[in-house]
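Accompanying notes for the structure given below.
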Amino acid sequence: MSSWAELEQACKECTACGLCQGRTNVVFGVGKKDADVLFIGEGPGEQEDLQGEPFVGPAGKLLDDMLSIIDLDRSKVYIANIVKCRPPHNRDPEEEEQEACIGYLRKQVALIQPKIIVCLGRIAAKKILYPEYRITKEHGSWVCRNGIWMTAIYHPSALLRDLSKRPETFEDLLGIRDKIQYVKANVD
Ligand code: URA
Ligand code: SF4
């Protein structure tokens, strides 16, 4: 198993897919390296590419607000993406690009050993949960796989575009808060 430093270095030098060509920075991930909760987005946007950190643009500001609703912040969780380099014009990452990159995320999961994984949006949910995942129907529901509780919620960018999704997401966030309490009570 790679250490964090080795993994991050390898990722920063990666040329395994075409997304390496347009990047300013590789966006490896941030947060607590042994966090209970791992949030997974789809890929860096413009601000993330420029700053080398996930969720620092407008969607990130909303994610910070969502975390604070359930007494979390960036120092208490880990945040990463399916692909570590920005897709041109923020298009969806292609299946091949996701497949080329997912090994880094798998190693991050192995190092973090989270108790809970929260997929942010459709792309992450389909890759992490299952390919047929329907975010509109299934958001907020839970599966437990290999001892890790997993769910998906709407992507903060979707919540910026469509305010009507926010009440459901508020409920999903409360579900995440409950699950954190549940795993703490059952594991510690
Ligand atoms: N959207 C994502 O999915 N990830 C980021 O890091 C920023 C925006
Ligand atoms: Fe490598 Fe992932 Fe960047 Fe593609 S997106 S070049 S696989 S780090």
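Bear in mind that the values in this text are calculations on the coordinates, not laboratory data. Predicted model only: the values in this text are computed from it and were never measured. As a convention, Cβ positions derive from the backbone with ideal geometry for all residues, glycine included, and neighbour counts pool all protein chains shown.
The number of residues in region 16-35 that are of a type outside the set (D, E, K, R), away from ligand 1 (no atom under 16 Å from the Cβ), more than 17 Å from Glu99 (Cβ to Cβ) and not in a helix (DSSP H, G or I) comes to 1.
Residues in region 48-82 that are within 15 Å of ligand 2 (Cβ to nearest atom) and over 22 Å from Ile116 (Cβ atoms): Glu48, Asp49, Gly52.
For first residues located in region 60-79 and assigned to a helix (DSSP H, G or I), partners that are among the acidic types (Asp, Glu) and lie 6+ apart or on another chain with Cβ distances below 6 Å form the pairs Leu67/Asp73.
Scanning region 142-173 for residues that are more than 16 Å from Asp36 (Cα to Cα), assigned to a helix (DSSP H, G or I) and hydrophobic (A, V, I, L, M, F, W, C), which turns out farthest from the chain's Cα centre (by Cα)? Within region 142-173, the match that is farthest from the chain's Cα centre (by Cα) is Leu163. For region 96-103, the condition of being in contact with a Leu (Cβ under 7 Å, 6 or more places away or on another chain) and surrounded by 14 or more Cβ atoms within 10 Å (Cβ to Cβ) holds for at least one residue. The numbered conditions (1) within 16 Å of ligand 2 (Cβ to nearest atom); (2) touching a residue at least 12 places away in the same chain (Cβ under 8 Å) are all true for Leu174 except (1). Would you pick out the residues in region 105-160 that are more than 16 Å from ligand 1 (Cβ to nearest atom) and of a type in the set (A, V, I, L, M, F, W, C)? Of everything in region 105-160, those that are more than 16 Å from ligand 1 (Cβ to nearest atom) and of a type in the set (A, V, I, L, M, F, W, C) turn out to be Val109, Ala110, Leu111, Ile112, Ile116, Trp142, Val143, Cys144, Ile148, Trp149, Met150.
Looking across region 1-40, the residues that are among the β-branched types (Val, Ile, Thr) and in contact with a helix residue (DSSP H, G or I) (Cβ under 9 Å, 6 or more places away or on another chain) come down to Thr15, Thr24, Val26, Val27, Val37, Ile40.
Scan Lys76, Lys33 and give me the residue that is within 30 Å of Tyr182 (Cα to Cα) and either buried (at least 22 other Cβ atoms within 10 Å of the Cβ) or in contact with a Gly (Cβ under 9 Å, 6 or more places away or on another chain) (or both).
After applying the criteria, what remains is Lys76.
Filter region 103-141 down to the residues that are among the hydroxyl-bearing types (Ser, Thr, Tyr), in a helix (DSSP H, G or I) and farther than 25 Å from Lys32 by Cβ and list them by number. Passing the criteria: only Thr136.
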